[in-house]
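Chemist: Here's a structure for you.
The values are calculated or read from the model by the stated rules, or taken from the named source; none is laboratory data. Bear in mind the structure is a predicted one, so any value in this text is a computation, not a measurement. Heads up, the Cβs are rebuilt from the backbone with ideal geometry, glycines too, and the neighbour counts pull from every protein chain shown. The protein model used for the area step is the full one, side chains on, heavy atoms only, and it has no ligands, DNA or RNA in it. Shrake-Rupley method; radii C 1.70, N 1.55, O 1.52, S 1.80 Å.
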Amino acid sequence: MIANEKIWCDEDHHSHFEKFVDFNEWLNGDDGEKIRDEFGLAKLTDPSKAFFAGDREAYDQAFREYRKERRHEVLCEQFFADAFPAEGDDNHWFELNQRRFDQLLGRLATMDTLPFVGAGLSVPGGFSSWEGHLWHQAETAGLEREAVKELLKEGQYESVIEQIVGLRGRDVFVQDIRDEFDRNGTIPDVVFRLAELFSDTVVTTNYDRLIEQAFETGNPEPVQIITGENATDFPDAEKTTLVKLHGDIRRPGHCVLSKDQYDAAYGAEDIDLSLPIPKLLDYYFRNNSLLFLGCSLHNDRTIQVFRAIKASHHGDDLPQHFVVESCPETLEELRDRNAFLASLGLTGIWFETKRYECVEGILRLARNELAYRDTQ
């Protein structure tokens, strides 16, 4: 009987090497030159692997420094110190960011966290934000600019839609939606990070197909799409379930677009939790931790649903939910926004103001931190 041949990664925890992929790439790249020179690795073909195998203690020490620097960079230590300076060494909002990020990691590790994706994640792929798209549609329709600007600032998107449809007709509105979202975009890194972290269920209000594209890379038809029309369909265990709450751009006539359609989908006067979309949201809000990414989360229907769910539970325990957001520009705005999110059961994790590319860094850091846990 021939014994199975062992490979390099089978012994002495060498399989852990693959868990440090970002650090190894950093070490092999330009930024790792100082460490390579310090430990005589400069002329080696694969310095990170040689370092790992040859001097694990030194490798681990270098990794700990790298890990600390990455956490402090991604979770905005310097930004908070500059934007909201405090007396002494206290960096309150950065420390809060760290603790909340670790809380998120704890939920991700249990595999019961679902991403809730808004239009902000599609912007790097070449699509307009929902607010930006409505602004362009309002311009095309000829609405009064200042009035539209004020409505969009307040998150009154449905009112803008109602005015556009009232002035130019639903057919024009639907065609503009098709022109903007019925195309393939460039899959941004942040969507790839999303696909790496979540393979079971993704919830989105987006119409475009960027998320499907990311999952379809090298895997034809891996996604089952559920909308408000087929909300009762049983999820296919062999596929990623993509819940497109407001419809799929491939059927724009069935998308939730106008105020009348929002009223029909969510309830005209008050939120009706027995309707398909609120019922889905109610289920996920009560049974999973949600991670909101690229969502504006002002006074839209989604927020109204969550407020209704919280009210219906009368303070009963609900899962902790998270939102990754651009930090408001002033300390008072940050305090107000933090309190608003908390009132809805949402825990805010902040990135540097308007640096939306930071979302990818936070998801990458989460992926890496989860991988590191397997080595401890």
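Chemist: Among the residues of region 2-45 satisfying the criterion of being open to solvent by 100 Å² or more (accessible area, probe 1.4 Å) and at positive phi, which is modelled with the highest pLDDT?
Modeler: So the residue we want is HIS13.
Chemist: In addition: Could you tell me how many of the residues in region 302-344 are closer than 24 Å to LEU121 by Cα, free of Cβ contacts under 8 Å to residues at least 60 places away in the same chain, open to solvent by less than 30 Å² (accessible area, probe 1.4 Å) and touching a Pro at 6+ places or on another chain (Cβ under 9 Å)?
Modeler: 1
Chemist: Here's another thing I want to ask about it. How about region 63-91: which of its residues are in contact (Cβ under 8 Å) with a residue 40 or more places away in the chain and assigned to a loop (DSSP other than H, G, I, E, B)?
Modeler: LEU75, CYS76, PHE84
Chemist: Could you identify the single residue in GLU333, GLU329, GLU325 that is assigned to a loop (DSSP other than H, G, I, E, B) and either within 13 Å of the chain's Cα centre (by Cα) or within 16 Å of PHE351 (Cβ to Cβ) (or both)?
Modeler: GLU329
Chemist: Also: Would you check if PHE215 is on the phi < 0 side of the Ramachandran plot and in contact with a Phe, Trp or Tyr (Cβ under 8 Å, 6 or more places away or on another chain)?
Modeler: Against the criterion (on the phi < 0 side of the Ramachandran plot and in contact with a Phe, Trp or Tyr (Cβ under 8 Å, 6 or more places away or on another chain)), PHE215 does not qualify.
Chemist: Among the candidates PHE101, PHE116, single out the residue that is open to solvent by less than 40 Å² (accessible area, probe 1.4 Å), part of a helix (DSSP H, G or I), aromatic (Phe, Trp, Tyr) and in contact (Cβ under 8 Å) with a residue 12 or more places away in the chain.
Modeler: After applying the criteria, what remains is PHE101.
Chemist: Out of (1) on the phi < 0 side of the Ramachandran plot; (2) not in a helix (DSSP H, G or I), what's the single condition that is false for ASP282?
Modeler: With respect to (1) on the phi < 0 side of the Ramachandran plot; (2) not in a helix (DSSP H, G or I), ASP282 is out only on (2).
Chemist: For region 285-322, give me each residue that is among the charged types (D, E, K, R) and either modelled with pLDDT of 90 or more or part of a helix (DSSP H, G or I) (or both).
Modeler: Hits for region 285-322 are ARG286, ARG301, ARG307, LYS310.
Chemist: If you take the residues of region 183-201 that are part of a loop (DSSP other than H, G, I, E, B) and more than 17 Å from VAL123 (Cβ to Cβ), which of them is least open to solvent (accessible area, probe 1.4 Å)?
Modeler: PHE198
Chemist: Moving on to the next point. Take the residues of region 133-182 that are open to solvent by less than 70 Å² (accessible area, probe 1.4 Å) and hydroxyl-bearing (Ser, Thr, Tyr): which is nearest to the chain's Cα centre (by Cα)?
Modeler: Among those that are open to solvent by less than 70 Å² (accessible area, probe 1.4 Å) and hydroxyl-bearing (Ser, Thr, Tyr), it is TYR157.
Chemist: Looking at (1) of a type in the set (A, V, I, L, M, F, W, C); (2) touching a Lys or Arg at 6+ places or on another chain (Cβ under 7 Å); (3) touching a residue at least 60 places away in the same chain (Cβ under 8 Å), which one does ALA141 not meet, given that it meets all the others?
Modeler: (3)
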